[in-house]
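What follows is calculated from the coordinates using simple rules that are stated; it is not laboratory data. What you see is a predicted model, and the numbers here were worked out from it, not measured in a lab. FYI the Cβ positions are ideal-geometry reconstructions off the backbone, even for glycines, and counts take in every protein chain you see.
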């Protein structure tokens, strides 16, 4: 006797929180019996129930609203001409006033719906709107584009076990190394972790965040590159370069010091003074006003 797919699907959906806890507990229990290697991270595209027709971006809505406005204007123009004519000797059946009014109703309803979607996106600040699966996004996959999710999976090199996973709706993998590795680092605070990922994960801010938290990111480089250069804000501090605690690692990096744990990874670290031209307040105010309106308005938009 086997449960059908709906029973399994509902069980998984109703117990997703518990299943993840069981997964994490399993990894914790076997940690003492296995020796972990480095971690390999990759993203997958899991298709959502949401069709592409029910997914909207700003550009898609703009195009549809523009098209509907043009057709609405054309119907209204024809209706106006018909109203101005006293008698019509012969009118094609598909161009009667009643037919045109009926045709006008549908684009007007669609226009109102799309404008409501547009306002919702503006109010919520989302870049995409999916009607069936609200958190799914249109993203590129091997077959073109699809409305999907982008779960991140961290696999151990030695055991080939999944060490952790993170469900995301981000359309690319940029910036997802640190979020995917963070829980593993918390569980192993006395160890520097290493992870490998393809060049789709190249993101300076994310890679720096990994280093600050005791994670060495090995991101495949583009052809012709022999390393990554990360810009770090300088903060004078006394740091323990022998420590692998996140606080001490961060202090060392921002103070221009190479932590001992990264001696084989960071080839050089330099403190450079950056000079910037500072204009007087009157000149600066005039430039701001000419481009952005007023400094006050710019500050208000920046909140």
Under the 7 Å Cα-to-Cβ spin-label approximation, residue 160 and residue 26 lie apart by a distance in nanometres of 1.6 nm
Starting from the 7 Å offset along Cα-to-Cβ, what nm value, one decimal, do you get for the label separation of residue 222 and residue 234?
2.9 nm
Most mobile listed residue (107, 189, 246) in the chain, GNM with C-alpha springs under 10 Å
107
Given a 10 angstrom Cα cut-off, can you work out which residue in 102, 116, 239 is the most mobile in a GNM of the chain?
102
What do you get for Rg/Rh of the stretch 110-214 when both radii come from the Cα atoms and Rh is the Kirkwood radius?
1.09
Can you give the FRET efficiency to the nearest 0.05 for residue 106 and residue 127, using r as the Cβ-Cβ distance and R₀ = 25 Å?
0.30
Based on the Cβ-Cβ distance from residue 264 to residue 9, what FRET efficiency comes out when R0 is 41 Å, to the nearest 0.05?
0.30
Please give the peptides 28-40, 151-163 ranked by average Cβ packing (other Cβ atoms within 10 Å per residue), highest first, as a rough proxy for protection.
151-163, 28-40
I want to check the label-to-label distance for residue 34 and residue 66. Put each point 7 Å from Cα in the C-beta direction and report it in nm to one decimal.
5.3 nm
How would you rank 16, 232, going from fewest to most other Cβ atoms within 10 Å of each one's own Cβ?
16, 232
Spatial extent of the stretch 21-71: Rg and Dmax, with the Cα atoms as the point set, Å:
23.1, 69
Per residue, how big is the convex hull around the C-alpha atoms of the chain? Give it to me in cubic angstrom, could you?
273 Å³
Beta bridge orientation in the chain: antiparallel %, DSSP, nearest 5:
75 percent
Expected max-MSF residue from 104, 129, 257 in the GNM of the chain (alpha carbon, under 10 Å) is 104
